[in-house]
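For reference, the structure is listed below as structure tokens.
The values are calculated or read from the model by the stated rules, or taken from the named source; none is laboratory data. Everything quoted here is computed from the prediction, not taken from an experiment. When we count neighbours, we look across all protein chains shown, and the Cβ atoms used for this are built from the backbone with ideal geometry, even at glycine. Side chains included, ligands, DNA and RNA excluded: accessible areas come from the protein's heavy atoms. Shrake-Rupley method; radii C 1.70, N 1.55, O 1.52, S 1.80 Å.
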Amino acid sequence: MEIKTAKEDGVWTIALDGRLDTLTSRQLEAELRTGIEGVKELVFDFERLSYITSAGLRVVSAAQKVMNRQGRMVIRNMQEDVREVFDVTGLSDLMEIL
């Protein structure tokens, strides 16, 4: 999985390309741990995310909890297969998905 990030004026955009699974979720978790402090808006761009497992959902959910305290989190450009996982788990009702 490839992670591309950009920060500007308190908005941090993270674009994921590939699969967010047990192995790659650690990479995203480390990225979030080092960069989320002080972020007012976290934007996940899932346009090129093709697959997500429960480990990936856990990392995204943890980011949501942090952002509930310090700002807003948005997920955009979610592919249908990934959206289905969010729908089945009920996370689509708890997160802002554009």
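Values as computed for the structure displayed
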| read-out | value |
| --- | --- |
| Residues satisfying the stated conditions in region 68-83, i.e. outside any helix (DSSP H, G or I) and open to solvent by less than 20 Å² (accessible area, probe 1.4 Å) | Met73, Val74, Ile75 |
| Search result, residues across region 13-25 that are part of a strand (DSSP E or B), over 11 Å from the mean Cα position of the chain (by Cα) and either without any contact (Cβ under 8 Å) to a residue 24 or more places away in the chain or under 19 Å from Val74 (Cβ atoms) (or both) | Asp17 |
| Count of residues meeting criterion [open to solvent by less than 70 Å² (accessible area, probe 1.4 Å) and either in a helix (DSSP H, G or I) or of a type outside the set (Gly, Ala, Ser) (or both)] in region 46-64 | 13 |
| Members of region 33-63 found to be over 16 Å from Gly10 (Cα atoms) and polar (S, T, N, Q), listed by number | Ser50, Thr53, Ser54, Ser61 |
| Test: residue in region 12-28 that is under 22 Å from Arg69 (Cα atoms) and of a type in the set (Val, Ile, Thr) | yes |
| All positions within region 1-19 that are among the hydrophobic types (A, V, I, L, M, F, W, C) and within 12 Å of Leu32 (Cα to Cα) | Ile3, Trp12, Ile14 |
| Filtered residues of region 26-53 (kept if more than 13 Å from Met78 (Cα to Cα) and touching a helix residue (DSSP H, G or I) at 6+ places or on another chain (Cβ under 9 Å)) | Arg26, Leu28, Glu29, Leu32, Ile36, Glu37, Gly38, Val39, Lys40, Glu41, Leu42, Thr53 |
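Residues checked against (1) open to solvent by 30 Å² or more (accessible area, probe 1.4 Å); (2) in a strand (DSSP E or B); (3) of a type outside the set (Phe, Trp, Tyr); (4) modelled with pLDDT under 95:
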{"position": "Thr5", "(1), (2), (3), (4)": "yes, yes, yes, no"}
{"position": "Gln27", "(1), (2), (3), (4)": "yes, no, yes, no"}
{"position": "Leu32", "(1), (2), (3), (4)": "no, no, yes, no"}
{"position": "Gly38", "(1), (2), (3), (4)": "yes, no, yes, yes"}
{"position": "Phe44", "(1), (2), (3), (4)": "no, yes, no, no"}
{"position": "Val66", "(1), (2), (3), (4)": "yes, no, yes, no"}
{"position": "Val85", "(1), (2), (3), (4)": "yes, no, yes, no"}
